[in-house]
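For reference, the structure is listed below as structure tokens.
The values are calculated or read from the model by the stated rules, or taken from the named source; none is laboratory data. What you see is a predicted model, and the numbers here were worked out from it, not measured in a lab. Don't worry about glycine lacking a Cβ; one is built from the backbone with ideal geometry, like all the others, and counts go over all protein chains shown. Just the protein is used for accessible areas: all its heavy atoms, side chains included, with ligands, DNA and RNA removed. Shrake-Rupley method; radii C 1.70, N 1.55, O 1.52, S 1.80 Å.
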Amino acid sequence: GYLLNDVMDYSSDQRHPEKKFRSLASGVITKKTALKLSGGLGVASVGVALALPSLFVVILLVYLVLTFLYSIKLKHLPVVDIFFLTLFY
């Protein structure tokens, strides 16, 4: 989820005085590599979760969906942004 969010914020992070030094914004990692890692880690996490109780799998899938929704829309809504950032921690 973090990598996907960084891909979505790529352009603004490059202009940010501190975020421009992050691996993706600085060019250490390409957007293509970040997307592959994000997908691979997502699939791997679900694969590992399948060995755990089914409730864990449900919670993980809900978390993955929410982080995706946060990256594409929810972070642009001020109060909703704070709520979801708190929820993710």
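Things to note:
- Once the 1.4 Å probe is applied to the protein heavy atoms, the chain comes out at 71 Å² accessible per residue.
- Projecting the Cα positions of 3, 89, 66 onto the charge dipole of the chain (unit charges on Cβ atoms of Lys, Arg, Asp and Glu, taken about the Cα centre) puts 3 furthest along the positive direction.
- Reported to the nearest whole Å, the Cα centre-to-centre distance from the range 60-89 to the range 5-52 is 16.
- Placing pseudo-labels 7 Å out from each Cα toward the beta carbon at residue 19 and residue 45 gives an inter-label distance of 1.9 nm.
- If R0 equals 25 Å, the separation of the Cβ atoms of residue 77 and residue 28 corresponds to a calculated FRET efficiency of about 0.20.
- Positive-end extreme of charge dipole, the chain - chosen from 49, 12, 39 (charges on Cβ): 12
- Read-out Cα extents along the principal axes in Å, derived from the coordinates shown; its label in (1) 43, 32, 17; (2) 33, 28, 18; (3) 34, 28, 26: (1)
- Computed with every protein chain present, the accessible area of residue 83 is close to 120 Å² [probe 1.4 Å].
- Rounded to the nearest 20 debye, dipole of the range 16-89 from Cβ charges on Lys, Arg, Asp, Glu: 340
- Of all lysines in the structure, those lying under 18 Å Cα to Cα from residue 31, and not within fewer than 8 positions of it along the same chain, are 19, 20.
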